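Below is one structure; the comments refer to it alone.
Computed from the coordinates by the stated procedures, all read-outs in this text should not be read as laboratory data. No experiment lies behind these values; they were computed from the predicted model shown. Because the Cβ atoms are built from the backbone with ideal geometry, glycine has one as well, and the counts that use them run over all protein chains shown.
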Ligand SMILES: Cc1cc2nc3c(=O)[nH]c(=O)nc-3n(C[C@H](O)[C@H](O)[C@H](O)COP(=O)(O)O)c2cc1C
C-alpha cells in the first residue's frame, strides 16, 4: 500500500490529514473521482478516470465539480497547518494531466472564518430528508451568495413563483429522460445501496425516501424507504442554482470550489442541502436552463437548502488508495 510522503514543508501525517479532509468532499454518486500525487514541492490533484460516469456525466463536468470541492477542502486543511496554498488550475506542461497543482505560497495564520469552514467539513452531508418549514434569514442567504462569489462563481437564488415552476419542470423533464436511459440507470444502480462496508456509493441510510413523479421537486432515486401513500414531501424549500462564469474545465473547477464553500457555509449555520443535478446532466435541458438564466451564466448544479434532521455520513476510501503513483501514466 502506498505511503504518504512529506510535502510543502509538512510531515507525512499532516499531508495524510489534509488528503483525508479533501476526500470528505461531496461527489456525484459518491464516486470520489480524485487522485493525488504528492511530491516534495507540490500536491497534484488528478481526476481518476476509472471513476468516470460515462453515461450520466459524459463531459466530466460533475467529475471536475467534485474534484473542485475536494480542492477547496485541501486548501482549508493546508491553511490550518500554516501553509498558504498557491493553486494553479489546469497547469498543463507543469504537471501533465493534473486538474490542479498546489504549492506552498508562504506561511499563513488561518482566520476565524476559514477555521469555522474547516470545522464544518466532517459535519457537511447531503441531506435528502424532508426539510422543516423554517426559512433562511437574510444573513444566511447573503452568506451563501457571498461564499459563491468568493470562489469566482455565482449563486442564483430562485425567488419568483414563475421561476420556481419553470425550474421544477426542468428537473422533472430531465428526470424522466434519465429514467428512460438504461446506461444512466445502470450507473445509478452501481452506486446505490452498496454493502454496509463499501467505501463508495450512496448507502440506503443516506438515500432519503423514494421520489414520486407528482412531487414538487423530483429527487434522484437511491432506493430509500417507500413513503406513506399520498404524503407530501415538504413545502417549498429554498432552491439555488450554482453557476460559473465560464463554460469548460476551468469554470467547472471554480464552481466545484464554490460548491464546497457554499455547502460548508450552510453547515456552519446548521443548514442542510441536497442536489438536483438532473437538469444539468441532460444537455438539452441544461441549455434551456441556461437560456432561462439569461444565457451567459453557466448552470453547474441545483441545490435545495433548509433545516432538517441529521443524516449519517457516507463512506470514503482510505487515503492510501487515493495516492497516484509516480510511475503510473498520468490520467486525463
Ligand atoms: C456534482 C455533484 C452532483 C450531485 N448530484 C446529486 C443529485 O442529483 N442527487 C442527489 O441526491 N445527490 C447528488 N449529489 C450528492 C452525492 O450523491 C453525495 O455528495 C455523495 O453521495 C457523498 O455523500 P455526502 O455528500 O453526504 O458526503 C451530487 C454531488 C455532487 C458533488
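Between 159, 56, 265, the residue with the greatest mean-square fluctuation in the GNM of the chain (Cα pairs under 10 Å linked by springs) is 159.
How high is the relative contact order of region 1-151, given as a whole-number percent (alpha carbon pairs under 8 Å, six or more residues apart)? Over region 1-151, the number comes to 22 percent. Restricted to Cα atoms, region 11-74 shows a radius of gyration and a Dmax of 12.1, 40 angstrom. With respect to the chain, whose longest principal axis is taken over its alpha-carbon atoms, helix 161-179 is tilted by about 80°. What the Cα atoms of region 138-306 give is an Rg and a Dmax of 16.1, 45 Å. With axes computed from alpha carbons, what is the tilt in degrees of helix 138-150 against the longest principal axis of the chain, rounded to the nearest 10 within 0 to 90? Taking the Cα atoms of the chain, the angle to 138-150 is about 50 degrees. A Förster distance of 41 Å, applied to the separation of the beta-carbon atoms of residue 93 and residue 113, puts the FRET efficiency at 0.70. At q = 0.20 Å⁻¹, what log₁₀ I(q)/I(0) does a Debye calculation on the Cα points of region 53-167 give, no solvent, two decimals? The computed values of log10 I(q)/I(0) come out as -1.36. Annotation: the residues 177, 280, 121, sorted from fewest to most other C-beta atoms within 10 Å of their own C-beta, follow the order 177, 121, 280. In this simple spin-label model, placing a label point 7 Å from the Cα along the Cα-to-Cβ direction at both residue 189 and residue 245 gives a separation of 4.4 nm. For the chain, the normalised intensity computed at q = 0.06, 0.12, 0.14 Å⁻¹ comes to -0.19, -0.81, -1.12 (log10 of I(q)/I(0), Debye sum over alpha carbons, equal scatterers, no solvent). Annotation: for a label point projected 7 angstrom from Cα along Cα→Cβ of residue 320, residues of region 2-24 with backbone N closer than 12 Å are 2-4. Evaluate the Debye formula for region 229-296 with equal point scatterers sitting on the alpha carbons, no solvent, and hand back log10 of I(q)/I(0) at q = 0.16, 0.21, 0.23 Å⁻¹, in q order, two decimals. Those come out to -0.72, -1.07, -1.17, one per q. Averaging the Cα positions of each part gives two centres, and for region 1-40 and region 74-127 these lie 11 Å apart.
The mean sequence separation of alpha-carbon pairs under 8 Å and at least six residues apart, normalised by the residue count of the chain, gives a relative contact order of 26 percent. How many angstrom separate the Cα center of region 138-162 from the Cα center of region 255-270? Comparing the Cα centres of region 138-162 and region 255-270, I get a distance of 11 Å.
Seen against the Cα atoms of the chain and their longest principal axis, helix 12-23 is set at about 20 degrees. Simple spin-label estimate for residue 159 and residue 292 gives 1.8 nm between the two label positions (7 Å along the Cα-to-Cβ direction from each Cα).
Grab the alpha carbons of region 248-332, take their convex hull, and tell me the volume per residue in Å³.
Value for region 248-332: 157 Å³ per residue.
In whole percents, the pair-distance distribution calculated for region 72-112 from its alpha-carbon pairs, binned every 5 Å from zero, is 6, 25, 27, 19, 14, 6, 2, 0.
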